[in-house]
Each structure stands twice: as C-alpha cells, then as structure tokens.
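A short worksheet on the structure shown next.
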Amino acid sequence: MTTAAIGAGEVPAMPEKTPKALRAAIAQHAPQLLVDFDRHWRRDIADAYDLAPVPAFMARWWGEYALARDPQLEARVHRLEDGADQEPDYKRAKAMIEEAGRLRREAAKAGPGE
C-alpha cells in the first residue's frame, strides 16, 4: 500500500474498494475500528442471503477509515463535534456540526489509491 499526502502529513492510501481490502487496511492503519467493523460485518453481512446491505456497509466503513487514517483530520473533526456538544449558542453549535459533517464527507470521497 502506498501513501498519499493529505493535509499536513503522510497518510496511508485508500485500499481497493472491497470489504476484504478495507478490512486489511483498517487492521493495519486504524486497528481501533476493527472490533466494530467485524461486529457490524457479522451482524449485517456475513450470513446475509441478500447482498443489498453491502453498499451501505462499504459506504459507512469507507468513510470511517478515510477519516481514521488521517489523525490530524480525525482530531479536527472530533474537536468540532465535542465543541458543538459544549457550545451554548445554537447557531455556533450547528455551524460546528455542519463543518464536521463536511469534513467527513470530503474524506469519504477519497478513491482507491488516494
């Protein structure tokens, strides 16, 4: 797996867009996500007779990994979310949550190899 520059630091490139490749990348670069990834897989996908939930599963975990692979971006998003939780002004809290959501969506747009 190569690395790609994102933000101020080097972060691992996104893997192939398959559950197996994504799981391997999570195990290597964001192991804190692995237990939840595996639990979600076993609960919703592993024994499914219908593959309809797979795209939603991949979208969710693709975004989670895209954020977790960049510690600076992940910390920024969490600061915004935590700050919004403590912010007494509704408009400021809303703006913080919207910015955190925008950053999450941008991270999730990364394609394989990026």
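Considering the conditions (1) outside any helix (DSSP H, G or I); (2) of a type in the set (Phe, Trp, Tyr); (3) at pLDDT 95 or above, residue 49 is excluded by exactly one of them, (3).
Applying the criterion of being surrounded by 12 or more Cβ atoms within 10 Å (Cβ to Cβ) and of a type in the set (Val, Ile, Thr) to the residues of the stretch 34-89, the residue that is nearest to residue 110 (Cα to Cα) is 77. Might you let me know whether the stretch 69-79 holds any residue that is of a type in the set (Gly, Ala, Ser) and outside any helix (DSSP H, G or I)? Scanning the stretch 69-79 turns up no residue that is of a type in the set (Gly, Ala, Ser) and outside any helix (DSSP H, G or I).
Taken together, the residues in the stretch 90-102 that are buried (at least 18 other Cβ atoms within 10 Å of the Cβ) and within 24 Å of residue 14 (Cα to Cα) amount to 1.
Scanning the stretch 1-16 for residues being modelled with pLDDT of 95 or more, within 16 Å of residue 67 (Cβ to Cβ) and in a loop (DSSP other than H, G, I, E, B) gives a total of 3. Within the stretch 58-71, residues that are more than 13 Å from residue 40 (Cβ to Cβ) reach partners that are among the β-branched types (Val, Ile, Thr) with beta carbons closer than 6 Å, at six or more positions or on different chains, in the pairs 69/11; 70/6; 70/11.
Checked against (1) free of Cβ contacts under 8 Å to residues at least 40 places away in the same chain; (2) more than 22 Å from residue 97 (Cα to Cα), residue 16 passes all but condition (1). Reported count of residues in the stretch 46-74, each being touching a Leu at 6+ places or on another chain (Cβ under 7 Å) and farther than 16 Å from residue 21 by Cα, is 3.
The values are calculated or read from the model by the stated rules, or taken from the named source; none is laboratory data. Every value quoted in this text rests on a predicted model; they were computed, and no experiment measured them. As a convention, Cβ positions derive from the backbone with ideal geometry for all residues, glycine included, and neighbour counts pool all protein chains shown.
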